[in-house]
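Since the structure comes first, as structure tokens, the remarks are kept for the end.
Each value in this text was obtained by applying a stated rule to the coordinates, not by laboratory testing. Worth saying up front: this structure is predicted, and the values here are computed from it rather than measured. Methodologically, a virtual Cβ is constructed for each residue, glycine included, from the backbone with ideal geometry; neighbour enumeration extends over all protein chains shown.
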Amino acid sequence: MGNVRELLASRMGPTTVKFDTGRGGTPDLTTQDIAAALAYVQPGLGRELFEALWWTESAARRRDHLKAAIIALVAPEYTRQQQALGMARTELGIAKACMGWHGGNVTALQREEYRRAEMKLEATRALCWPNNTMEQLGVLARAVINEIGGAGCCNACDGKRTQPAEDGSGVVECEACGGVGVELMSGRARAVAIGADKSAYRRYWQPVYEWMLEKMREAESSAARDFSRALSRAA
């Protein structure tokens, strides 16, 4: 079904050209066909992103729906991380309280338990997103959406997501794009997009940015596949 994203952008945007007339042979899809096909796209983040990226009028009209869908994506993961961090802090506090309970001697087992809880807290904290992630969510989301919308095919694999294995045994995931088939922005470019310097991006924001990019790209791609299947049935 060709590039359905380009089809949606060209047919549903403002135009003075009449697209709903045939050109001989099988009639072209009409604007009504295209609009109807969107009804078969699963509601949710993917559909909101698909319309926001490729249907300008819809993007303006459904801005709040997109915002709500992105919050619904990120908030549960952020909450899970904060709960894990809180639990790790509690475990460390318990381990500390147990050391020398009632003035007794600190045992080797108690020291080991404290050290274990301390290491767990450090590891958990290292995996957590910044405390102000939700406050910066709008900035992060705009940057991720712009990256998805502006990405071209990966030059290394030409969008195929794989490349020949060096030993000639078959194909392997493309190293340049990580198997997504599109160009990836540099860390520096992403840092600029969210208003941070490169070191701050790598230290604090890279994990949440890449997590959002993966989830949002998957959702948008799924919506595009639903749309393509619906158009194939209408053709």
Next on the checklist: Check which residues have an amide H placed less than 5 Å from Val182's amide H, if you skip close sequence neighbours.
Outcome noted: Cys154
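Give me the net charge of His65's neighbourhood, meaning all other residues with Cβ under 10 Å from the Cβ of His65; Lys, Arg count +1, Asp, Glu -1.
+2
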Checklist outcome for this item: Rounded to 0.05, the calculated FRET efficiency for the beta carbons of Ala35 and Arg125 at R₀ = 41 Å is 0.25
Item to check | Cysteines having no other Cys beta carbon under 4.7 Å from their own, within the chain | outcome: Cys98, Cys128, Cys153
Checklist entry - Quick one: if the Förster radius is 25 Å, what FRET efficiency do Asn3 and Ser186 give, using the C-beta to C-beta distance and rounding to 0.05? => result 0.45
Checklist entry - Hey, what do the phi angles of region 163-170 turn into as Karplus ³J(HN,Hα) couplings, whole Hz, using 6.51/-1.76/1.60 and θ = phi - 60°, x for Gly and Pro? => result 8, x, 5, 4, 8, x, 7, x
Item to check | Proximal lysine pairs, the chain, alpha carbons under 26 Å, eight or more residues apart or interchain | outcome: 4
Item to check | Label-to-label distance, nm, for residues given as Ile94 and Arg80 (7 Å Cα→Cβ offset) | outcome: 2.2
Item to check | Burial ordering of Met134, Met119, Met216, fewest other beta-carbon atoms within 10 Å first | outcome: Met119, Met134, Met216
Checklist entry - Taking K and R as +1 and D and E as -1, what net charge do the other residues with C-beta under 12 Å from the C-beta of Cys157 add up to? => result -2
Checklist entry - When only DSSP loop residues count, what GluC sites (Glu not before Pro) in region 159-235 have their Cβ near at most 14 other Cβ atoms within 10 Å? => result Glu166, Glu175
Item to check | Selected from Ile145, Ile94, Ile71 as most flexible by GNM, with the chain as the system and alpha-carbon contacts under 10 Å | outcome: Ile94
